[in-house]
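Comments concern the structure below.
The values are calculated or read from the model by the stated rules, or taken from the named source; none is laboratory data. Computed from a predicted structure; not experimentally measured. Here the Cβ positions follow ideal geometry from the backbone for every residue, glycine too, while neighbour counts run over all protein chains shown.
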Amino acid sequence: MIWIHSITESVCVYLSAVMLIHCSPTDACHSIRAPTIDKIAHKRLANGYRLTCKVNPGGLKDETLVYWLADGDFIEKVYKNINVTKTERKSPDGKEFLHTKVVFTDVSQEDFHTVFTCVALSPVGFAKKNVLLKKDRRH
C-alpha cells in the first residue's frame, strides 16, 4: 500500500465506511471505536525539545497508525535531525495505548511558529491534536 503525504478527512471517512461494512452484528464491533489522543505535550530539554503523544487505539492497536506533521507535512520530511520513537504501553489500569516521542536537538526561532500535529488513523476513524513549542527564558 502506498500512502500519499496528505491524508484528508474525506479519505479517513472513506476508510471508516469500508471497515464498518465488514463488521457483522456477531463480531466484537461494539468494543471497537475510533482512536483518541489522550495527551499531547512538549518539554524543553537541555539541548532541544521533546514532543509526546499518547493515543488510545480504540481496540485496534495493530491497525492504528500514529504519525506527526509539521505545518501539514510529515515531520520526517521537514526535520532531518530528529529522533521519532513509537511504542506500545499499558497504563496502570491495564489499558493499552500507543506512545510516540519526537526529540529535536536543533531548534530555530522558526520552529516556535510551527504547528506540530499528532495524528492517529485507524480503519474506524481518526483523531488529531496540535501543539506549539513555547519559548522559555533561555531563548
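For this structure, a couple of remarks:
- Among (1) part of a strand (DSSP E or B); (2) of a type outside the set (Ser, Thr, Tyr); (3) crowded, with 17+ Cβ neighbours inside 10 Å - the single one HIS99 does not satisfy: (3)
- Filter result for THR117 (modelled with pLDDT under 90, closer than 19 Å to LYS43 by Cα and surrounded by 11 or more Cβ atoms within 10 Å (Cβ to Cβ)): no
- Residue in region 45-62 that is among the acidic types (Asp, Glu) and in contact (Cβ under 8 Å) with a residue 12 or more places away in the chain present: no
- Of all the numbered requirements in (1) in a loop (DSSP other than H, G, I, E, B); (2) within 23 Å of SER31 (Cα to Cα), LYS80 misses one, and that requirement is (2).
- Check on LYS134, closer than 18 Å to ARG50 by Cβ and surrounded by fewer than 12 Cβ atoms within 10 Å (Cβ to Cβ): yes
- Test: residue in region 59-74 that is under 11 Å from the mean Cα position of the chain (by Cα) and of a type in the set (Val, Ile, Thr): yes
- Among the residues of region 67-108, those identified as of a type in the set (S, T, N, Q) and either modelled with pLDDT of 90 or more or touching a Pro at 6+ places or on another chain (Cβ under 6 Å) (or both) are ASN83, THR85, THR87, THR100.
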